[in-house]
Amino acid sequence: MILHTEITGQGQAIVLIHGLFGSYENLGVIARALAGQWQVVNLDMRNHGRSDWHDSMSYALMAEDVKDTLDHLGLEQVILLGHSMGGKIAMEFALRYPERVNKLILADISPVQNRPRHLEILSALDGIDLNNLQSRQQADQQLALSITETGVRQFLLKSLHKEDDHFRWRFNIKALIANYQQLLEAPPSKGPYTGPTLFIKGAESDYLLPEHQSLIQQLFPPSKAKVIMGTGHWLHAEKPVAFTKIVTDFLLS
């Protein structure tokens with residue numbers, strides 16, 4: 001599958017891969033910061049944003065989507081930056097095609113199977129009757145019955161848009177529910193990827209833990225890690241200046 005892309009800047013290509021429920025717009029602040037020195041290729045993954053929908057989702061399939069898209073763009077070697085689900089896609093691509101990845105940046109994610117954190121969100125999203133939805137405010141009120149965090153609801157509602165006279169999600173909620181177990185899995189390829197690799201952790205997040213270190217060293221032996229204090233899983237949105245500086249320093253090193 002050739003994915004929807006937003007391309008800015010010039011120079012060495014850096015590919016940005018968003019997380020679950022997201023789109024290329026989620027990494028827009030980072031894209032704008034990097035576009036002065038690099039060509040930024042910001043992707044919408046399958047079943048997200050403006051890319052095509054498909055019944056199947058797995059890290060193997062999504063890594064192949066990235067390959068198809070890079071082939072289509074004529075990009076032989078790139079830098080990869082992925083957050084959360086996007087980080088696992090970036091890992092799988094680098095483990096499969098190490099010769100095509102110059103550097104790898106992984107934002108608050110580890111190459112392990114994750115526990116199910118999104119069941120309530122998936123249920124709440126699926127419970128909204130889009131055919132009878134009158135406003136974004138009404139959607140927020142319905143989501144608030146299950147999702148108390150205002151920031152989470154605001155993030156999800158970024159993907160709600162009006163098409164003609166009715167609302168629709170930019171993500172394929174049915175496919176996300178059907179494939180959710182696969183999205184919790186670890187990247188299947190065993191690598192290793194021996195290129196420069198940076199893990200960036202949100203200090204208050206539990207997606208990247210000390211007990212993952214041995215597996216990380218096995219799959220990504222030269223990897224380094226940075227921690228951004230005072231941030232959770234959405235570290236790039238919570239402290240974009242600090243995140244961008246860490247990324248830029250790594251790219252220029």
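The values are calculated or read from the model by the stated rules, or taken from the named source; none is laboratory data. Keep in mind that what you see is a predicted model, and the values were worked out from it rather than measured. Methodologically, a virtual Cβ is constructed for each residue, glycine included, from the backbone with ideal geometry; neighbour enumeration extends over all protein chains shown. To get the accessible areas, we keep the full protein, side chains included, count just its heavy atoms, and leave off ligands, DNA and RNA. Shrake-Rupley method; radii C 1.70, N 1.55, O 1.52, S 1.80 Å.
How many residues, within the stretch 1-16, are surrounded by fewer than 21 Cβ atoms within 10 Å (Cβ to Cβ), in a strand (DSSP E or B) and under 17 Å from the mean Cα position of the chain (by Cα)?
3
Could you check the stretch 201-237 and list, in sequence order, the residues that are assigned to a helix (DSSP H, G or I), open to solvent by less than 90 Å² (accessible area, probe 1.4 Å), touching a residue at least 12 places away in the same chain (Cβ under 8 Å) and not aliphatic (A, V, I, L, M)?
Within the stretch 201-237, His212, His236 qualify.
Tell me the residue from Ala60, Ala94, Ala90 that is surrounded by 23 or more Cβ atoms within 10 Å (Cβ to Cβ) and within 18 Å of Leu183 (Cβ to Cβ), please.
The conditions single out Ala90.
When the stretch 118-158 is examined, which residues are found to be open to solvent by less than 70 Å² (accessible area, probe 1.4 Å), of a type in the set (D, E, K, R) and within 21 Å of Tyr207 (Cα to Cα)?
Arg153
Could you list, in sequence order, the residues of the stretch 97-117 that are polar (S, T, N, Q) and open to solvent by less than 10 Å² (accessible area, probe 1.4 Å)? Break it down stepwise before answering.
Of the stretch 97-117, the ones polar (S, T, N, Q) are 102, 110, 113-114.
Matches in the stretch 97-117: Ser110 only.
Looking only at the stretch 224-252, count every residue that is over 19 Å from Ala31 (Cα atoms) and of a type in the set (Gly, Ala, Ser) and tell me the total.
3
Would it be correct to say that Glu76 is free of Cβ contacts under 8 Å to residues at least 40 places away in the same chain and over 24 Å from Gly195 (Cα atoms)?
no
Residues Pro192, Pro187: which one is closer than 20 Å to Phe21 by Cβ, open to solvent by less than 80 Å² (accessible area, probe 1.4 Å) and in contact with a helix residue (DSSP H, G or I) (Cβ under 7 Å, 6 or more places away or on another chain)?
Among Pro192, Pro187, only Pro187 is closer than 20 Å to Phe21 by Cβ, open to solvent by less than 80 Å² (accessible area, probe 1.4 Å) and in contact with a helix residue (DSSP H, G or I) (Cβ under 7 Å, 6 or more places away or on another chain).
Just one of Ala90, Ala31, Ala94 is in contact (Cβ under 8 Å) with a residue 24 or more places away in the chain and closer than 30 Å to Glu120 by Cβ; which is it?
Answer to the selection: Ala90.
Can you tell me which residues in the stretch 70-87 are surrounded by 20 or more Cβ atoms within 10 Å (Cβ to Cβ) and not in a loop (DSSP other than H, G, I, E, B)?
Within the stretch 70-87, Leu70, Val78, Ile79, Leu80, Leu81, Gly82, His83, Met85, Gly86, Gly87 meet the criteria.
Given (1) in contact (Cβ under 8 Å) with a residue 60 or more places away in the chain; (2) farther than 17 Å from Leu20 by Cα, identify the lone condition not met by Val66.
That leaves (2) as the condition not met.
Looking only at the stretch 34-49, decide whether some residue is among the acidic types (Asp, Glu) and open to solvent by 20 Å² or more (accessible area, probe 1.4 Å).
The answer is no; no qualifying residue exists.
I need every pair where a residue in the stretch 142-163 that is free of Cβ contacts under 8 Å to residues at least 60 places away in the same chain and of a type in the set (S, T, N, Q) has its Cβ under 9 Å from the Cβ of a residue that is part of a loop (DSSP other than H, G, I, E, B) and open to solvent by 50 Å² or more (accessible area, probe 1.4 Å), sequence separation at least 6 or different chains.
Correct list of pairs: Gln142/Gly127; Gln142/Asp129; Ser146/Gly127.
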